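Since the structure comes first, as structure tokens, the remarks are kept for the end.
Only the coordinates and a few stated rules stand behind these numbers; no lab work does. These numbers come from a predicted model, not from an experiment. With ideal geometry, Cβ positions are generated from the backbone for all residues, glycine too; neighbour counts draw on all protein chains shown.
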Amino acid sequence: MLALDQLFEQFLREGTYAHNVTPKTRDWYQSACQAFERSRGEDATEITKADLQRFVVHLRERRVKPVSCTTWRPGSKQNEVSFTATKQ
């Protein structure tokens with residue numbers, strides 16, 4: 001099994017070459033992932049639903065608007081589909 005950081009790098013590579021993700025979108029994915037990792041405060045071996053919910057609470061406590069929380073959440077539908085497909 002690959003570590004999450006390896007899976008994320010694979011997700012970025014596939015997005016870049018297989019799905020024509022722009023450099024700006026790739027930077028956004030990296031920024032969102034780094035924010036999620038900072039909110040966890042530990043090395044992740046697995047991401048749970050509870051982790052994602054805590055991240056949304058963390059964002060809301062920082063006064064991030066709900067619509068922005070949806071797009072920042074690593075498990076948003078767009079990212080979830082892509083990242084889940086990468087893991088399989």
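Among HIS58, HIS19, rank each residue by its count of other Cβ atoms within 10 Å, from fewest to most, as a rough exposure measure.
Ascending number of Cβ neighbours within 10 Å: HIS19, HIS58.
For a quick check: sort GLU37, GLU46, GLU9 by the number of other beta carbons within 10 angstrom, fewest at the front.
Neighbour counts put them in this order, fewest first: GLU46, GLU9, GLU37.
Where does the stretch 5-61 land on Rg(C-alpha)/(2.2 N^0.38 Å)?
Against the compact-globule rule of thumb, the ratio is 1.24.
Per-residue HN-Hα couplings for the stretch 55-70, Karplus 6.51 cos²θ - 1.76 cosθ + 1.60 at θ = phi - 60°, whole Hz, x for Gly and Pro?
5, 5, 4, 4, 5, 5, 5, 7, 6, 6, 5, x, 5, 6, 4, 5
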